[in-house]
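Single-structure report; data block below.
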Amino acid sequence: MWEQVKTEDDYKAQTMAIDGVEVHYEYYRGKHAKEEPVIVLLHGLVSSSYSFRYLMPLIGKKYPVLAIDLPGFGKSEKSKTFIYSFESYAKLIFRLLQMMQVKNVIAVGHSMGGQVALYMAKNYPDHVKKLVLLSSSGYLKRVKKHYLYASYLPFSSRVLRWWFQKRDYKDALLHVVYNKNAVDDYAVLEYTKPFQDEGFYDALIRLMRHREGDLTAEQLKEIKQPALLFWGKEDEIVPLRIGKKLDHDLPQSELVVYEQTGHLVPEERPQEVAQKMLEFLEDQ
C-alpha cells in the first residue's frame, strides 16, 4: 500500500488494546516531518483508514499522521461492550494519543468521521489546534425510536447483513464518486471486506443505538479552532448545502468546493486536498 514510503521514513501499522478494545491504527512520519502536531485521520461510516491511502503519504512528508480504524470498522475490534457514540470515540482517540505521548493534534474527519473530529474539538479544545472536515456529516438527529426498538428484535443483525449482501457493492461505490475511474476492483475488494464479518453488523446496530445526534448549530458556534472544509459539488451522500451550513455555523472556517467531485474527496482529490491542507496548517 505504501509505495511512497521510503525506508528512512517512520511507518508502522499495529493494533493496541485501549480500555479493553483492540484498536488498529497506521502511523506515518516522513524523514523531515515535524514531531507535532500529529494529524489524526478519522474515516466515515462503513469505511476504514484505507480511505486515506492516497492522502496519508502526501501530508506525512510535513507532519506525522495517525490514521485510526474506529471500533466496529476496519481492522479494529467489533466490540460488544464498547459504547458506539461520538463522545466515546473522541475519548478513546485521546486515550490512544495519551499512550503515544501526543499533546497537540489536527483532527481530520471524513463523512461520519467529521462529527468525531468536531466532538474532539469541542471536548478537548486545549489539544485540538485545528480542524479539517472532508464532506462531513452534519445536523443529523438521533435515530428514531421505532428503529431503535426494531434493533432489539431477534435476528436484527442477520436482517442487516442480508440487506447489505444483496447489494451490488461496486455499484454502491460508483454512486459516491464523480470520477468512476476512482473505483477499481481492488478498492471494491478492500471496501467490502467488513461485510464478511458477522461482528460488523452487530457493531452497526450498536452504533445506531448509541449514536447521539450531530452537534447543533449552537454547539458548533462554540468551537473556536480554525476549520478547513472540503466538499465535492456533486456529493450526493452529504450534499454541499450541509458544507455551507457548517461553514456558516463554525466561527473560523473556510469552505473549499471542488467541481466534478463526489463524496470521496480524499480519494478523488488527494493532491489538491493535501496541498491546501498543508497551506492551512502552516498558516499561523
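The values are calculated or read from the model by the stated rules, or taken from the named source; none is laboratory data. Values in this document were obtained by computation on a predicted structure and should not be read as measured data. Cβ coordinates were reconstructed from backbone atoms using ideal geometry, including for glycine residues, and neighbour counts include every protein chain displayed. Side chains included, ligands, DNA and RNA excluded: accessible areas come from the protein's heavy atoms. Shrake-Rupley method; radii C 1.70, N 1.55, O 1.52, S 1.80 Å.
Among GLU190, GLU234, GLU267, which one shows the biggest mean-square fluctuation in a GNM of the chain, springs joining Cα atoms closer than 10 Å? Looking only at GLU190, GLU234, GLU267, the largest GNM fluctuation is found for GLU190.
For the chain, set up a Gaussian network in which alpha carbons nearer than 10 Å are linked by springs, and say which option among GLN271, GLN101, GLN225 fluctuates the most. Highest fluctuation among the options: GLN101. What separates the Cα centres of the range 115-130 and the range 205-266 is a distance of 14 Å.
Computed from label points 7 Å out along Cα-Cβ, the spacing between GLU212 and TYR124 is 1.6 nm.
Near LYS130, the amide H atoms lying under 5 Å from its own belong to ALA107; only residues 5 or more places off or on other chains count, and H is placed 1.01 Å from N. When the accessible area of the chain is split by element with a 1.4 Å probe, what percent falls to carbon and sulfur? Here it works out to 51 percent. Residues in the range 19-25 carry Karplus couplings, in order, of 6, x, 10, 7, 10, 9, 8 Hz; the curve used is 6.51 cos²θ - 1.76 cosθ + 1.60 with θ = phi - 60°, and Gly or Pro positions show x. Within the listed set TYR119, TYR186, TYR11, the residue fluctuating most in the Gaussian network model of the chain (springs between alpha-carbon atoms under 10 angstrom) is TYR186.
In this simple spin-label approximation, TYR139 and GLU198 carry label points 7 Å from Cα along the Cα→Cβ vector, and these lie 4.1 nm apart.
Cross-link list LYS62/LYS91; LYS61/LYS141; LYS91/LYS224: which exceed 30 angstrom alpha carbon to alpha carbon?
LYS61/LYS141
Both radii were evaluated on the Cα set of the chain; the Rg over Rh quotient, with Rh as the Kirkwood radius, amounts to 0.94. Quick one: if the Förster radius is 22 Å, what FRET efficiency do ASN104 and LYS12 give, using the C-beta to C-beta distance and rounding to 0.05? Using R0 = 22 Å, I get an efficiency of 0.60. Solvent exposure of the chain amounts to 48 Å² per residue of accessible area, where only protein heavy atoms count and the probe is 1.4 Å.
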